[in-house]
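Where a number appears in this text, it was derived from the coordinates with a stated rule and is not lab data. Treat the numbers as computed from the prediction; the structure is a model and nothing was measured. No Cβ is skipped: glycine too gets one built from the backbone with ideal geometry, and neighbour counts run over all protein chains shown.
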Amino acid sequence: MASDEAHDLTSVESVQLIRQFQFEKVLNHDTRSKSINILGTINSTPAIVTAEKTAFAAHDEAAIANLLTVENGFPSIRLLDRNDIYRWYMAVLVQDLETSPGAKVSLIWPATKTHVEKYGKQRRRVIRETPELYRKILLPYIEKMRGDRIQWVYNILSHKVEADRIVYENPDPQQGFILLPDLKWDRTTMDSVYLVAIVHRRDIASIRDLNKSHIAWLKSVHSEIIQAATQTYTVISATQLRVYVHYLPSYYHFHIHVTNVEHDAGDGAAVGKAIMLSDLIARLEEMSDEVYGFANSTFTYLLGENSELWKDAYASVID
Ligand code: G7M
């Protein structure tokens, strides 16, 4: 069928058309936008279907207000886990083709070769944190951030919560850590595997506390993480894991992010926040004995203008 004939199909015929789609292969997918591009055929002619999970109708306040009421919203909801003041759930939202469809689906048919090839807010500042700025601004801030805010971390380390989720534990109080699913992961989708490794020792608030004496330890943590993750999730190999640390982190108790490289972790895996653990180790190895540790280094990161750190500290120093 020529494209103008395809265009002329009635709406009923168009619905019948997409129902004839025969799957061939996945062209692309994006865990962040929750979308997928699929190549297939309709009547032996190439077709591309893209499906994107719909966003919430935030402008429809009545609908949003009803989202959490059992009568109107969740027919079923299941607690995934809880930790301190944090709770996370899985739910089936009521879907209705007219008012709240689950996905937006597009069809290109007939699709050309070019089509097949084609198918990818707060303001932020760049902060260059010198050792002096670290001591003057970050250190006092970190002290403030190490209280209740990391209770969830201690709950995990003491097996009080999330204990049945532990993927791997080295229980040694100095050398050890717990590897478990990050709360952002649905624990099902292999392409978006997201784990977090939390060290048992409490003397490292951030990478700023790491120095040359930690090199051997960091190397063994790195290899234990990779071994445990690939043994548990056998579809993922060592070179498919992104093992990195945030600077700045949100929580000041040393922990390491472990994700499937296919997962688009957005800003959390972007320049200005994420640093590969192996690069940190290499940097320590190459560091002179005089410098000795990251407390004496410079790091550059992104900082949101709404953050306390910007408003209360950096804004007056930098702007
Ligand atoms: O930016 P930062 O490196 O501090 O990231 C902390 C990570 O810990 C994030 O990826 C969070 O999703 C994750 N996380 C935060 N909380 C509160 C929890 C929790 O209670 N349980 C688990 N498993 N992960 C968490």
Calculate the FRET efficiency for GLU143 and ARG165 from the Cβ-Cβ distance with a Förster distance of 41 Å, rounded to the nearest 0.05. 0.85
What are the residues whose amide H is under 5 Å from the amide H of ALA47, where those residues sit 5 or more places off or on another chain and H is modelled from the backbone? GLY40, THR41, ILE42, ALA111
Gap separating the Cα centres of the stretch 267-318 and the stretch 97-139, nearest whole Å: 23 Å
A convex hull over the alpha carbons of the stretch 48-160 yields, per residue, a volume in Å³ of 261 Å³
Global form of the stretch 265-319, assessed from the alpha-carbon gyration tensor, a/c cut-off 1.5: oblate
Ranking request for peptides 255-268, 208-221: highest mean number of other beta-carbon atoms within 10 Å first, then the rest in descending order. 255-268, 208-221
Among the listed pairs LYS144/LYS273; LYS212/LYS311; LYS34/LYS118; LYS184/LYS219; LYS184/LYS212, those beyond 23 Å (Cα-Cα): LYS212/LYS311; LYS184/LYS219; LYS184/LYS212
Just name one of TYR134, ALA216, TRP310: the one whose Cα is farthest towards the positive end of the charge dipole of the stretch 123-316 (beta-carbon charges, Lys/Arg +1, Asp/Glu -1). TRP310
Set the Förster radius R0 to 35 Å, insert the Cβ-Cβ distance between ILE77 and THR230 as r into 1/(1 + (r/R0)^6), and round the FRET efficiency to 0.05. 0.60
Beyond 30 Å, what share of the Cα-Cα pairs of the stretch 123-316 is found? Please give it as a whole percent. 19 percent
Identify, among TYR86, ALA103, SER250, the residue whose Cα sits farthest towards the positive end of the charge dipole of the chain, taking +1 on the Cβ of Lys and Arg and -1 on the Cβ of Asp and Glu, with the dipole about the Cα centre. SER250
Could you check the simple spin-label distance between LEU309 and VAL291, using points 7 Å along Cα→Cβ, in nm with one decimal? 2.0 nm
Net charge within 12 Å of ALA205 by Cβ-Cβ distance, Lys/Arg positive one each and Asp/Glu negative one each, not counting ALA205 itself? +3
